[in-house]
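Have a look at the structure below before the remarks.
What follows is calculated from the coordinates using simple rules that are stated; it is not laboratory data. Note that the coordinates shown come from a computational prediction; the quantities given were computed from them, not determined experimentally. Glycine also receives a Cβ, built like all others from the backbone with ideal geometry; neighbour counts cover every protein chain displayed.
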Ligand SMILES: Cc1cc2nc3c(=O)[nH]c(=O)nc-3n(C[C@H](O)[C@H](O)[C@H](O)COP(=O)(O)O)c2cc1C
């Protein structure tokens, strides 16, 4: 029998999100390897009881659970926690039977540094432990906004024509290729029913550019967005000042 | 001095109301004025992740519900208290629902803070933070996660003083009182 995977896409931003872009990149690789995938966008799923039940049935039948979620204030958003609680309750009610099942998680942070995701990943690990799911590891993604805009394969194609000495190779091409390779290796291990070795995931533990460069880019982004809305002079308002 | 307690308990929790009452009493004994928001009683929609609270209506979430009020109460208090059952080492969904809606309290602009990227402040003053988590029984891994989480949150919320405390459901009243007193003393005036 084919292995089965349940993918939980946990961003409210839908297709515009890094959780969607990176998560579905992984599911496409799983499908190439013959794994059958059921995907749930939890912000939609949790609105409808029948869809929640479908999600639970899918998890019950799955060998792998894949979570791709944003990082909100150092941990998962409300809806991701709520989804974990529903799954935990379903285990306790016997709606999900215990069997060999792996959890792999992708945590998507806005800040540049990967390590902002560390606590969120530890929380996913505890969720797995509480439900006797095997923790297979997780990807700590920094500067996730880039992946929200450009899915990994497209981004690499876009960067390809740049001249060899272009500095963008160092800050974009190299880290994205590395991420791609870690993702592919992770998928290989998971397909074989293995956890992803720590040494593989640790390859993502680096900061690809100076913090100041990222800050400048980010701050310009806010200014551009505000200019379009005509709110530039309001950005530092203090509406709730005492 | 003012306080607000954000109570992130789930509806069926029979332990947290007792802790909440003891925390309120202790705060009032120390001459703080304030009250508790039981979050599960309030209509608070989930954050949309749209960042409009940063660029479109700066400082105010575009969703007009009690989430706005929570953010306002947070920034207008001297001491902000979270009480939450510990979920997998982190906060409850109920608490998180409100906190996710509060990022308008920060400026959208990034800066380096403690050698990491964080946001700039929007306001001149931020509340001191007391976080109390409850667990049915000791769990070293989850307690460590919880303590680190509070520490990380403070980097994002700019509290000058903070404390975190874990209370077990079978702690007796004397132990709970001591833990609460210790937590509040850390952020209290006596510790300036
Ligand atoms: C409410 C809220 C809180 C956030 N908190 C953090 C944070 O603590 N650290 C961080 O690096 N990024 C934070 N971000 C940025 C998101 O992690 C970033 O936008 C990410 O791309 C979201 O994932 P998504 O694209 O899948 O929605 C926050 C964003 C929102 C809306």
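For this structure, a couple of remarks:
- Per residue, the convex hull spanned by the Cα atoms of chain B amounts to 120 cubic angstrom.
- For chain A, the spread of Cα coordinates along the three principal axes comes to 55, 53, 25 Å, biggest extent given first.
- Projected onto its three principal axes, the C-alpha set of the protein assembly as shown covers 65, 55, 38 Å, listed from the longest axis down.
- Relative compactness, the stretch B:1-70, computed as alpha-carbon Rg over 2.2 N^0.38 Å: 1.38
- Computed [θ] at 222 nm, deg cm²/dmol, chain A (DSSP H ≥ 4; -39,500 (n - 2.57); rounded to nearest 500): -14500 deg cm²/dmol
- For the stretch A:140-228, the fraction of C-alpha pairs farther apart than 18 angstrom is 55 percent.
- Computed per residue of chain B from DSSP H runs no shorter than four, each worth -39500 (n - 2.57), the mean residue ellipticity at 222 nm is -11000 deg cm²/dmol.
- On the principal axes of its alpha carbon atoms, the stretch A:118-163 extends 49, 17, 16 Å, with the longest extent given first.
- Averaged over B:42-55, number of beta-carbon atoms from partner chains that fall within 10 Å: 4
- On the basis of the beta-carbon distance and an R0 of 35 Å, residue A:53 and residue A:115 show a calculated FRET efficiency of 0.40.
- Nitroxide proxy distance, nm - points 7 Å out along Cα→Cβ at residue B:185 and residue B:1: 1.4
- Förster radius 60 Å - calculated FRET efficiency between residue A:2 and residue B:125, Cβ distance, rounded to 0.05: 0.55
- Inter-chain shielding of B:154-160 (mean C-beta neighbours from other protein chains, 10 Å cut-off): 1
- Taking every alpha-carbon pair under 8 Å whose residues sit at least 6 apart, the stretch B:1-79 reaches a relative contact order of 41 percent.
- Counting Cβ atoms of other protein chains within 10 Å of each Cβ in B:80-90 and taking the mean gives 5.
- Of all DSSP beta bridges in the protein assembly as shown, antiparallel share, percent nearest 5: 10
- At 1.306 mPa s and 10 °C, Stokes diffusion of the stretch B:152-192 via Kirkwood alpha-carbon radius, µm² per second: 138
- Separation between Cα centres of the stretch A:66-140 and the stretch A:164-228, rounded to whole Å: 21
- Rough spin-label spacing in nm, given labels placed 7 Å along Cα→Cβ, for residue A:28 and residue A:198: 3.3
- Spacing of the two label points (7 Å from each Cα toward its C-beta) at residue B:141 and residue A:88, in nm: 1.3
- Using a Förster distance of 41 Å, the FRET efficiency for residue A:97-residue B:18 (Cβ separation, nearest 0.05): 0.70
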